[in-house]
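Any read-out appearing in this document is the output of simple, stated calculations on the displayed coordinates, not a laboratory observation. Note that the coordinates shown come from a computational prediction; the quantities given were computed from them, not determined experimentally. Here Cβ is always computed from backbone atoms with ideal geometry, including for glycine, and neighbour counts include all displayed protein chains.
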Amino acid sequence: MLRRKHRRNRNQRNLFSFLVLVIIIGISFLQINNGFNHYSNQYVEQANVIRVIDGDTILVNLSGIEERVRFIGVDAPEVGEYGSDQATEFVQMQIDSVGGIVWLTGSGNDRDRFGRLRRYVWLAYPTSESISFNQMLIDNGYTEMWE
């Protein structure tokens, strides 16, 4: 009887320890993967926006080279679909508000299947407290999350 009770207490302690570990790992994961704010000071590129193509793609001058940039993790309505004009206008308005200068950070595959650069876009130099423009588009309802 005493042995069985001792074994049950040990199993309860092990289960409690396991649950605490899972909670700690879960909280850490949520802090690391908070939305689309993938800020990394490893490599930040400044670009001048030449034109807004649609709600999730811009044409930029990047070190003297014109590049199409596809916003990572978001999907805006296609041209002609409901909401497309509003998403494009919002992107244009926000980029105009910062004088056409954006900051770009990458993650994962550098280019998509159409040859566009895949980037997180920032309206100011990114810091660990910044919110990416990609996330702003989702938060304001102009795009959906997309991988």
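Between the amide H of I50 and those of L59, V60, N61, distances stay under 5 Å, these residues lying 5 or more places away or on another chain, with hydrogens modeled in the peptide plane. Specify which residue in the list A76, P126, L137 is farthest towards the positive end of the charge dipole of segment 45-145, using unit charges on the beta carbon of Lys, Arg (+1) and Asp, Glu (-1), about the Cα centre. After comparing all options, I get P126. Legend: translational diffusion of segment 60-147 by Stokes-Einstein, Rh = Kirkwood radius over C-alpha pairs, 10 °C, 1.306 mPa s; D = 117 µm²/s. Rounded to the nearest Hz, the phi-derived 3J(HN,Hα) couplings of segment 71-82 under the Karplus curve 6.51 cos²θ - 1.76 cosθ + 1.60 (θ = phi - 60°) are 5, 5, x, 10, 9, 8, x, 6, 3, x, 7, 4, where x marks glycine and proline.
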